[in-house]
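Reviewing the structure listed below.
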Amino acid sequence: MNEIKNLTLSELKTALGDQPAFRAKQVYTWLHRGVRSFEEMTDLPKALRERLAEQWLLTAPVPVRRQESRLDGTVKYLWQLHDGNCVETVLMKYHHGNTVCISSEVGCPMGCAFCASTIGGLVRKLSAGEMLDEVLFTELDSGQSVSNIVLMGIGEPLDNFDNVCRFLELVNSEEGMNIGMRHISLSTCGIVPRILELAESRLQLTLSVSLHAPDDETRSKIMPVNRRWPVEELLAACRSYYEKTGRRISFEYAMIRDVNDSPETARLLLKRLKGLPAHVNLIPLNNVEESPLKPSDRAAVLRFQKLLEEAGVACTVRRTLGSDIDASCGQLRRKYRNAQ
Ligand code: SAH
């Protein structure tokens, strides 16, 4: 059965065919409010509700784990999807509003050496509706309204390009959650052709690129994707993205002890980023049990940040939220699977 929540409003109009025009909008509004069954769509005729239930799959994930940080109120959900697979969503509370970090795939095919999400490989891609569900049901369950979305959970969004673009259209729609593109960030390990394709759409979202190293030797060791699209090619795509969209690129940089945290590496990074409006986010590496890589010490992180800032590159050290609840991606899903 096809998932009804994947449909845009105009597709839904077509799908409802003989129904009066206002029906599609009614159904769409219910769907984007996060109902769990067609039964709940109380202003629709009973016969229509029954027909829809026979024809369409209405996805509604079940929270199988919910962990709340005592330190900062971050909430992490493990959702079970209709086929039994699980994904994680994290709700973070910032001064500027609530941000939800969503997964785009079950597992991940990219193989980054420091990441827990990729250990079992890719299981499947999420549909647009399932990504929307992560936002809807996190809002409903937590009672908190969400103003920002980051596609930084499990999976590689640009490996699931079509569904991610459709999700953006749905979550941005006026009749739906109406979340503005400027309130959405998409993080990628660097799939160059898709970055270029995204640039063509000229969406005003923030592109976050997981760089983690400025040289091919180091980057290829920790991120296999670099063997296919090396640093210079990736940065050329970022320049083109900036030219097309006018949006400053955000670079993620996980600080790994004795791997990418020396002053020489900072200087090489500066050289590579020259002329590209960028913001660098330093993230102290989160420990992943299965990986020998360790986080840099605080002094190395601050020294690195200082070098970038002195050269005029905006650079922040990301606050670690939810460190008491396995909030770094992929860890909760792995623990749950291993325990079963
Ligand atoms: N696949 C996308 C988005 C998901 S990962 C991407 O690669 O960008 C979200 C961010 O977390 C990425 O920057 C990723 O490199 C980073 N990350 C993964 N594991 C990490 C860890 N153990 N410590 C710190 N950052 C990590």
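Read the figures in this text as sums done on the coordinates, not as results from a lab. Quantities reported herein were computed from a predicted structural model and do not represent experimental measurements. Backbone-built Cβ (ideal geometry, glycine too); neighbour counts: all protein chains shown.
Annotations for the structure displayed:
- If you take the alpha carbon atoms of the chain and fit the smallest convex hull around them, that volume is 136 Å³ per residue.
- Contact order relative to length of segment 62-181, as percent, for alpha carbon pairs under 8 angstrom and 6 or more apart: 22
- Cα centroid of segment 123-198 to Cα centroid of segment 1-72, whole Å: 18
- Comparing Ala53, Ala254, Ala278 in a Gaussian network model of the chain (Cα springs below 10 Å), the most mobile by mean-square fluctuation is Ala53.
- Percent RCO, i.e. relative contact order, over segment 62-339, from Cα pairs under 8 Å lying at least 6 residues apart: 18
- Distances between placed amide hydrogens fall under 5 Å for Asn98 paired with Ser147, Asn148, all partners being 5 or more residues away or on another chain.
- Sum of side-chain charges, Ser104 neighbourhood, beta-carbon under 13 Å (Lys, Arg +1; Asp, Glu -1): -4
- Restricting segment 125-184 to GluC sites (Glu not before Pro) in coil, as DSSP defines it, with at most 15 other Cβ within 10 Å: Glu174, Glu175
- Cross-link table Lys25/Lys244; Lys5/Lys93; Lys221/Lys244; Lys76/Lys244; Lys5/Lys46; Lys93/Lys306, entries beyond 29 Å C-alpha to C-alpha: Lys25/Lys244; Lys221/Lys244; Lys76/Lys244
- Fully extended contour minus Cα-Cα distance, from Arg70 to Ser201, at 0.36 nm per residue: 43.1 nm
- In terms of surrounding Cβ atoms within a 10 Å radius of their Cβ, Ser147, Ser208 rank from fewest to most as Ser147, Ser208.
- Working from label points 7 Å from Cα in the Cα-to-Cβ sense, the Phe22 to Glu217 distance is 7.0 nm.
- From least to most packed, judged by other beta carbons within 10 angstrom and beginning with the fewest, Cys238, Cys112, Cys165 follow the order Cys165, Cys112, Cys238.
- CD proxy at 222 nm, helix term only [per DSSP H run n ≥ 4: -39500 (n - 2.57); per residue of the chain; nearest 500]: -11000 deg cm²/dmol
- Exposure proxy ranking, count of Cβ atoms within 10 Å, fewest first, for Ile119, Ile149, Ile154: Ile119, Ile149, Ile154
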